[in-house]
Amino acid sequence: MNEVPVIAIDGPTASGKGTVAQRVAAALGWHYLDSGALYRLVALRALQAGVAADDVAALTRLARSLRPQFDAGRVCLDGRDVTDEIRREDVGALASRIAVHPPLRAALLDLQRGFRCPPGLVADGRDMATVVFPDAGLKVFLTASVEARAGRRHKQLSEKGFPSNIAILLQDLRARDERDSSRSAAPLRPAKDARQLDSSDLSIEQVVAQILRWHGER
Ligand code: CDP
């Protein structure tokens with residue numbers, strides 16, 4: 001049994017869980033796993049290699065041989081810094097489509113569990129609490145209304161100088177929510193023992209503080 005403590009933070013797209021999880025990890029001096037980045041890395045490799053979204057065997061091979069290096073907020077794959085490339089919308093959309101395949105998900109399990117090193121791990125994703133780290137000491141299901149999430153993504157994109165349209169963003173978020181929650185393999189849903197936190201009207205700082213309070217109560 002692995003005694004290293006884990007805080008699992010799951011939730012839908014654009015709920016802010018990435019930023020929150022990174023800040024919780026920094027506050028505790030723990031490691032951080034961005035599990036979505038792994039699905040995005042497989043998607044990027046698939047795009048580069050021309051592998052189709054339904055070629056499960058080839059996608060699973062790509063996932064099994066994935067050896068990313070995470071360092072100081074950057075991610076390198078096959079000797080190249082791909083931090084910005086995996087954030088592209090087309091990569092995210094393909095990640096969500098290929099994440100439905102159970103063999104591909106299984107191929108990423110050991111890689112994800114390998115991040116569990118002392119003194120602790122904060123992991124964010126969709127199935128951290130339900131599948132990957134079911135023994136996590138604290139499980140948080142972070143939600144926000146679809147409108148709040150679309151507003152945040154709009155702000156993020158415009159800060160980066162990318163114009164975006166709220167109506168299209170709303171449509172895109174709803175489609176991704178639907179796909180993530182309705183798939184049969186590791187659907188997005190709260191673990192039975194997860195604490196739910198709705199961040200629609202909370203700042204990042206308030207969400208981080210609440211999670212650290214829950215952690216301190218344990
Ligand atoms: O930025 P966004 O929250 O949309 O995505 P992400 O966390 O970077 O993950 C990209 C995609 O990978 C998501 O749309 C999910 O479908 C999938 N994913 C997953 O299935 N399981 C995880 N633990 C993490 C991500």
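Observations
- Tally of residues being closer than 24 Å to Pro134 by Cβ, within 12 Å of the ligand (Cβ to nearest atom), surrounded by fewer than 24 Cβ atoms within 10 Å (Cβ to Cβ) and among the polar types (S, T, N, Q) across the stretch 8-29: 1
- Any hit, the stretch 43-53, residues being closer than 21 Å to Ala186 by Cβ and within 11 Å of the ligand (Cβ to nearest atom): yes
- Residues that are in a loop (DSSP other than H, G, I, E, B), in contact with a Lys or Arg (Cβ under 6 Å, 6 or more places away or on another chain) and not hydroxyl-bearing (Ser, Thr, Tyr) within the stretch 1-33 comprise Asn2, Val4, Gly11, Ala14, listed in sequence order.
- So Ser96, is it part of a loop (DSSP other than H, G, I, E, B), within 19 Å of Arg179 (Cα to Cα) and modelled with pLDDT under 95: no
- In the set (1) within 11 Å of the ligand (Cβ to nearest atom); (2) not in a helix (DSSP H, G or I), the condition left unmet by Arg67 is number (1).
Table: residues versus (1) in contact with a Ser or Thr (Cβ under 9 Å, 6 or more places away or on another chain); (2) assigned to a loop (DSSP other than H, G, I, E, B); (3) without any contact (Cβ under 8 Å) to a residue 12 or more places away in the chain.
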{"position": "Asp110", "(1), (2), (3)": "no, no, yes"}
{"position": "Pro134", "(1), (2), (3)": "no, yes, no"}
{"position": "Ser158", "(1), (2), (3)": "yes, no, yes"}
{"position": "Arg174", "(1), (2), (3)": "no, no, no"}
{"position": "Ala185", "(1), (2), (3)": "no, yes, no"}
{"position": "Arg189", "(1), (2), (3)": "yes, yes, no"}
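- Tally of residues being in a helix (DSSP H, G or I), polar (S, T, N, Q) and under 17 Å from the mean Cα position of the chain (by Cα) across the stretch 192-212: 0
- Taking the stretch 62-72 as the range and being over 20 Å from Met128 (Cα atoms) and either crowded, with 17+ Cβ neighbours inside 10 Å or touching a residue at least 12 places away in the same chain (Cβ under 8 Å) (or both) as the test, only Leu62 passes.
- Residue list for the stretch 43-92, restricted to those being within 22 Å of Ala21 (Cβ to Cβ) and either polar (S, T, N, Q) or touching a Ser or Thr at 6+ places or on another chain (Cβ under 6 Å) (or both): Gln69, Arg74, Val75, Thr83
- Under the condition of being loosely packed, with under 12 Cβ neighbours inside 10 Å and either touching a His at 6+ places or on another chain (Cβ under 8 Å) or of a type in the set (A, V, I, L, M, F, W, C) (or both), the residues counted in the stretch 166-191 number 2.
- Ala144 over 18 Å from Val20 (Cα atoms), of a type in the set (A, V, I, L, M), within 12 Å of the ligand (Cβ to nearest atom) and in contact (Cβ under 8 Å) with a residue 12 or more places away in the chain: no
- Check on Gly36, touching a strand residue (DSSP E or B) at 6+ places or on another chain (Cβ under 7 Å), within 12 Å of the ligand (Cβ to nearest atom) and part of a helix (DSSP H, G or I): yes
The values are calculated or read from the model by the stated rules, or taken from the named source; none is laboratory data. Source: prediction; values computed, not measured. Virtual Cβ from ideal backbone geometry, glycine too; neighbours counted across all protein chains shown.
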